[in-house]
Amino acid sequence: MIGSPDGLLVDRGAAADLQSGQLVLSHGQVWGKIVEVGPYTSTARTVAEAGYRDLIRLATPDVDGRPSRWGPEGILEGSGERLARIRLVEVTEPVSVGDLVFTAAGKGVLPKPLLYGQVVRVERST
């Protein structure tokens, strides 16, 4: 994968059975989604890019960094800046810096949720 002005270039395409909407993984984390598939290369939108959206679920980590308690679901949105945002989580739900962010879509399709990363800042609307 390499960066380009038009997104992340993936060195696989239709010949490798890639399809639009598939997640792009690197180092055990979700980096983005395939948005355009060519015969031998594809373009992906990274998680932080404007227009990125996915259903996520938060989890409180245990001392080893694994999810110990599943929390609320929300929407992960690329902001076009360095960090993505999580929206549509009820203000009454407990969310803390360090909570893990996992995929929620595709429940039952994958053997376990895929990791996006961790919450680095919490802001609540008043």
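The values are calculated or read from the model by the stated rules, or taken from the named source; none is laboratory data. Given the structure is predicted, the values throughout are model-derived calculations rather than measurements. Counting neighbours? That spans all protein chains shown, and the Cβs are built from the backbone with ideal geometry, glycine included. Quick note on the areas: whole protein, heavy atoms, side chains included, nothing else; ligands and nucleic acids left out. Shrake-Rupley method; radii C 1.70, N 1.55, O 1.52, S 1.80 Å.
Local charge for Glu90 was computed over the other residues whose Cβ lies under 12 Å away, with Lys and Arg +1 and Asp and Glu -1, and equals 0. When the chain is described by a simple charge dipole with +1 on each Lys and Arg Cβ and -1 on each Asp and Glu Cβ, the residue from Pro61, Ile34, Ala48 located farthest towards its positive end is Pro61. In this structure Trp31 has an accessible area near 110 Å², from a 1.4 Å probe over the protein heavy atoms. Taking all protein chains together and rolling a 1.4 Å probe, Val91 ends up with roughly 80 Å² accessible. Sorting Arg12, Arg87 by solvent-accessible area of protein heavy atoms yields Arg12, Arg87, largest first, with a 1.4 Å probe. Ranking Val37, Val101 by solvent-accessible area of protein heavy atoms (1.4 Å probe, all protein chains present), from largest to smallest, gives Val37, Val101. Using Cβ point charges alone (K and R +1, D and E -1), the dipole size of the chain about the Cα centre works out to roughly 160 debye.
Ranked from largest to smallest solvent-accessible area, with a 1.4 Å probe on the protein heavy atoms, Leu100, Leu18 come out as Leu18, Leu100. Kirkwood radius, the chain, all distinct C-alpha pairs, inverse of mean reciprocal distance: 15.4 Å.
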